[in-house]
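Each remark here refers to the structure printed beneath this line.
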Amino acid sequence: MTGMGHGWGRVPWEWEDRSPWLHLPYPESEARRRIDGVRHAAAKHEVDVVVVVGDAADKGTIRYLSNFEVLFGGHALIAVPQSNDEPVLISNSVMHGEPMHSGFWMTWFRDIRAIMSPRTGGRSGGLWDELTVLLKDWGATERVGISGHGAIAELERRLGERLPGCELIDVTAEIETLQTFKSPHEVELLRRSALAADAGIRAALDACRPGVPETVVAGEAAKAMYAAGAEDLIFLSVVGGPLSGFKHALPRPHPLGNGDLVFLDMGCSVAGYLSDTSRCAVAGHASDEQLEFLQAAEYIEDTIFKLMKPGITIGELAAEGQRLADDLGYGSHFYFRGHGIGTSTHVPPAFFPGSTTGFEPGMVYAFEPMLVRKSFGTAVVENVLHMTDRHAEALNKVAKNWGDHCVA
């Protein structure tokens with residue numbers, strides 16, 4: 001371990017100091033299986049090492065591989081050599097100059113390198129210098145695999161400056177594929193996260209009454225999700241009235257009006273595993289037009305859900321969904337959408353019309369076919385689903401059915 005900066009690391013953070021605090025949500029053997037998957041990707045692309053980059057906006061793969069959570073901005077890097085050497089975590093996401101104040105006890109990695117951020121007195125470029133020293137120590141300076149999203153351009157630039165002769169190979173697709181198929185441990189954590197989101201949905205639906213501000217509805221949902229075991233909230237949309245026809249928005253102090261169509265979309269984290277659940281409601285009395293709209297969305301979702309089984313393609317289901325929407329008179333308002341989910345909100349598979357991706361056992365995904373009408377509202381049922389050997393299983397249990405007030 002290395003560290004630099006004023007007053008650095010007064011709290012011991014060697015492995016023997018960290019390990020008593022570690023509580024992995026799955027066996028370490030599973031964690032090492034994931035690292036082996038990264039090594040297979042390295043071998044496939046004939047690179048000496050794979051470097052995964054993440055930050056506060058894109059931290060899911062870091063959590064997936066190491067259980068470390070990027071809590072305080074900055075970056076986290078995971079370096080996995082193709083050899084059997086231990087993987088290394090390098091991060092400047094450090095508060096107070098103390099790794100143990102900053103979640104470093106969460107990771108099972110033995111070799112961690114905490115670097116002080118420039119914003120707290122560290123040296124500019126220290127994180128990237130540490131990575132470069134590590135790669136040189138490993139003799140991995142000719143072909144390096146890189147993986148990430150928002151921060152991958154900076155990783156590429158920083159390594160290009162420090163190792164100008166090194167060929168950088170993007171292996172993001174292979175690292176994402178590792179996260180597509182879930183182990184039984186992962187399915188259970190995703191189930192717990194979905195049930196916590198259910199608690200938030202129920203609380204929000206109960207609070208959707210005329211005169212209640214959207215922020216109050218959101219507060220009830222947040223309280224319920226934490227009470228149900230969430231460690232963090234990922235997003236929370238409560239949107240009432242005509243604005244709900246744009247779907248996503250932050251809750252406003254705006255009171256719900258009688259007859260407002262309300263869009264609810266929320267997700268939380270349980271041990272790093274995320275949920276994503278939507279329902280809709282009407283505050284007060286629902287019109288016949290609103291009820292028909294809501295019931296059409298429920299019917300489309302339920303019909304497609306029953307067709308899901310291994311082998312059928314996403315494109316085939318999208319075509320059926322569009323046919324149903326056309327028959328119901330809502331074809332121009334229909335969006336066929338969904339996404340794989342795990343420690344990130346979006347992992348493979350992606351849902352879009354024409355996709356030839358077939359469902360396979362072990363996939364877990366949020367399914368959200370929706371009807372969206374500008375200035376009128378949104379109607380959607382979104383659940384997290386697990387594809388078994390025979391059919392799709394809903395991890396959410398909150399009811400789908402519409403009433404003339406709200407979903408109960």
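The values are calculated or read from the model by the stated rules, or taken from the named source; none is laboratory data. These figures come from a predicted structure and were not determined experimentally. Cβ: placed from backbone, ideal geometry, glycine included. Neighbour counts: every protein chain shown. Ligands, DNA and RNA are stripped out before the accessible areas are found, and what is left, the full protein with its side chains, is counted by its heavy atoms. Shrake-Rupley method; radii C 1.70, N 1.55, O 1.52, S 1.80 Å.
By its C-alpha gyration tensor, with a ≥ b ≥ c as the square roots of the eigenvalues, how is the range 269-370 shaped: rounded for a/c under 1.5, else prolate for a/b larger than b/c, else oblate?
Because a/c hits 1.5 or more and a/b fails to exceed b/c, the range 269-370 counts as oblate.
Given 20 °C and 1.002 mPa s, compute D for the chain with the Stokes-Einstein relation, Rh being the Kirkwood radius over Cα pairs; round to the nearest whole µm²/s. Let's see the in-between values first.
Details: Rh = 22.7 Å.
Approximately 95 µm²/s, per Stokes-Einstein.
Angle check, please: helix 214-227 long axis (alpha carbons) against the longest principal axis of the chain (alpha carbons), in degrees 0 to 90, nearest 10.
The two axes meet at around 60 degrees.
How large is the charge dipole for the range 1-78, taken about the Cα centre, if only the Cβ atoms of Lys, Arg (+1) and Asp, Glu (-1) carry charge, to the nearest 20 debye? Kindly include the intermediate steps, with their values, before the conclusion.
On the way: 9 positive and 11 negative charges, 26 e Å.
The dipole of the range 1-78 has a size of about 120 debye.
Which sequence of ILE112, ILE169 reflects their accessible areas, 1.4 Å probe, from the largest down?
ILE169, ILE112
Using a Gaussian network model on the chain with a 10 Å cutoff between Cα atoms, which of GLY73, GLY126, GLY311 fluctuates the most?
It is GLY311.
Could you please state, rounded to a whole Å, how far the C-alpha centre of the range 175-231 is from the C-alpha centre of the range 285-317?
Answer, in whole Å: 21.
Mind checking which of PRO12, PRO353, PRO242 has the largest fluctuation in a GNM of the chain, springs on alpha carbons under 10 Å?
PRO12
Using a 7 Å offset from the Cα along the Cα-to-Cβ direction at both ASP232 and LYS309, what is the distance between the two label points in nm, to one decimal?
4.0
Looking at the range 66-163, send over the antiparallel percent of its DSSP beta bridges, to the nearest 5.
50
Roughly how many Å² of GLU154 are accessible to a 1.4 Å probe, to the nearest 10?
50
Going by alpha carbons, how many degrees (0 to 90, nearest 10) lie between the helix axis of 28-44 and the longest principal axis of the chain?
80
Using a 10 Å cut-off on Cβ atoms, rank the peptides 249-256, 284-291 from the highest mean neighbour count down.
Values: 249-256: 15.9, 284-291: 14.2.
Listed from highest to lowest mean packing, they are 249-256, 284-291.
Quick one: ranking LEU307, LEU371 by accessible area, 1.4 Å probe, largest first, what do you get?
LEU307, LEU371
Could you tell me how many degrees, from 0 to 90 and to the nearest 10, lie between the Cα long axis of helix 288-307 and the main elongation axis, the longest principal axis, of the Cα atoms of the chain?
50
Could you tell me the relative contact order of the range 41-152? Use alpha-carbon pairs under 8 Å, at least six residues apart, and round to a whole percent.
Relative CO of the range 41-152 lands at 32 percent.
Using the structure shown, list the pairs from LYS374/LYS400; LYS306/LYS374; LYS59/LYS182 with a Cα-Cα distance above 21 Å, or answer none.
In this structure, LYS374/LYS400; LYS306/LYS374 lie more than 21 Å apart at Cα.
For Cα pairs less than 8 Å apart in space and 6+ apart in sequence, what is the mean separation divided by the residue count of the range 214-323, i.e. the relative contact order in percent? Let's see the in-between values first.
Values: 150 pairs, mean separation 22.6, N = 110.
Once normalised by length, the contact order is 21 percent.
Count the DSSP beta bridges whose two residues both fall in the range 1-147, then state the antiparallel fraction as a percent rounded to the nearest 5. Mind dumping the intermediate values first?
Numbers: 12 of 20 bridges.
Taking every DSSP beta bridge within the range 1-147, about 60 percent pair in antiparallel fashion.
Take every Cα pair under 8 Å in the range 1-103 that's 6+ residues apart, average their separations, divide by the length, and report that relative contact order as a whole percent. Intermediate results must be reported in sequence, preceding the final value.
Details: 136 pairs, mean separation 29.3, N = 103.
With pairs under 8 Å counted, the relative contact order is 28 percent.
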